[in-house]
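Below is one structure, written out as structure tokens; the observations come after it.
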Amino acid sequence: MPDSPTLPSKADDIDRVFANARTEIGKFRFDAAVARVFPDMIRRSVPGYTLILPMIGVIASRYAQPDSLCYDLGCSLGGATLAMRHGINAPGCRIVGIDNSTDMIERCEHFIALDDAPTPVELKCADIRETAIENASIVTLNFTLQFVSPEDRLPLLHRIHDGLRPGGVLVLSEKICFADSDEQERQEELYYDFKRANGYSELEISQKRSALERVLIPETIDAHKERLHQAGFEHVVLWYQCFNFMSLLAIRSDSP
Ligand code: GEK
């Protein structure tokens, strides 16, 4: 397995963003307070995040094509960027990490500078709905599409498909929901148990849930698969699922 670095996290970088009772809960934002504790927040909030990153490295080692671009869309602090950087074996690749949070991109620059793998990384503070995607062999949307408004999702996936070379791949990781309400309740409860087991209090869980309402919009696995097919991807396979989190591998057909 490629050596995939985990982002450094210090004792004072523990996520306590929602630990104190708030009189009013505003919309969740990827601001400086979140960026500072982000490695701890995502590790304790997304089941399997620490497994998915090294697997993105494995996928990169197989699918990165020589002289192509590898995009990390919604790169945050560069977890998937670094995983790809350490997985890529093909010569002449360049990674482009894009995020529209200046606080995330500033910190991401720091983490990338600390890493010495040879593949060049370019970071951009931009909206992924507006940035060009071209000559790509790998694109990752690692828990990012869920923050893009539903009507903008298909146009973005179309552009990703068209910007991939034949045989190129998209890794799409998302929080999901279930069409069956009993299943939804069961998986959501297990998810909250996961958060409790990771030290989050009932107050933290409920305040964060309120902050994410209408900001993070989950969909079913079938809705994601169907949309990926509509965007032109021929082969779509579920390669990871734990409770209400999953990751799909979507492959652009080999023939141009
Ligand atoms: C990781 N992939 O560590 N344009 C650019 N960035 C965006 C947009 C947009 N329209 N919408 C949201 N973001 C990362 C984790 S976090 C997931 C991704 C989470 C960015 C947003 O600023 C944030 O940094 C990221 O997408 C989502 O592998 O926090 O659950």
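The values are calculated or read from the model by the stated rules, or taken from the named source; none is laboratory data. It should be emphasised that the depicted structure is a prediction, and the values quoted were computed from it without experimental measurement. Methodologically, a virtual Cβ is constructed for each residue, glycine included, from the backbone with ideal geometry; neighbour enumeration extends over all protein chains shown.
Against the conditions (1) more than 14 Å from the ligand (Cβ to nearest atom); (2) over 18 Å from Leu249 (Cα atoms); (3) part of a helix (DSSP H, G or I), Ile112 satisfies every one except (1). Scanning region 84-109 for residues that are out of contact with any Gly (no Cβ under 7 Å at 6 or more places or on another chain) and part of a helix (DSSP H, G or I) yields Arg85, Thr102, Asp103, Met104, Ile105, Glu106, Arg107, Glu109.
A search for C-beta distances below 7 Å between a residue of region 70-83 that is under 18 Å from Val58 (Cβ atoms) and any residue that is at pLDDT below 95 and within 7 Å of the ligand (Cβ to nearest atom), counting only pairs 6+ apart in sequence or on different chains, returns nothing. Please go through region 94-109 and give me each residue that is over 16 Å from Ala83 (Cβ atoms), more than 9 Å from the ligand (Cβ to nearest atom) and of a type in the set (Val, Ile, Thr), ordered by number. Residue satisfying the conditions is Thr102 alone. So, in region 19-53, of the ones that are within 12 Å of the ligand (Cβ to nearest atom) and among the polar types (S, T, N, Q), which residue ends up surrounded by the most Cβ atoms within 10 Å (Cβ to Cβ)? Across region 19-53, the extreme among qualifying residues is Ser45. Please work out if Pro120 is out of contact with any Gly (no Cβ under 6 Å at 6 or more places or on another chain), in contact (Cβ under 8 Å) with a residue 24 or more places away in the chain and within 14 Å of the ligand (Cβ to nearest atom). Considered against the rule, which asks whether it is out of contact with any Gly (no Cβ under 6 Å at 6 or more places or on another chain), in contact (Cβ under 8 Å) with a residue 24 or more places away in the chain and within 14 Å of the ligand (Cβ to nearest atom), Pro120 comes out as no.
Checking the structure you have, find out if any residue of region 193-213 is in contact with a Cys (Cβ under 9 Å, 6 or more places away or on another chain) and within 16 Å of the ligand (Cβ to nearest atom). Checking region 193-213: at least one residue is in contact with a Cys (Cβ under 9 Å, 6 or more places away or on another chain) and within 16 Å of the ligand (Cβ to nearest atom).
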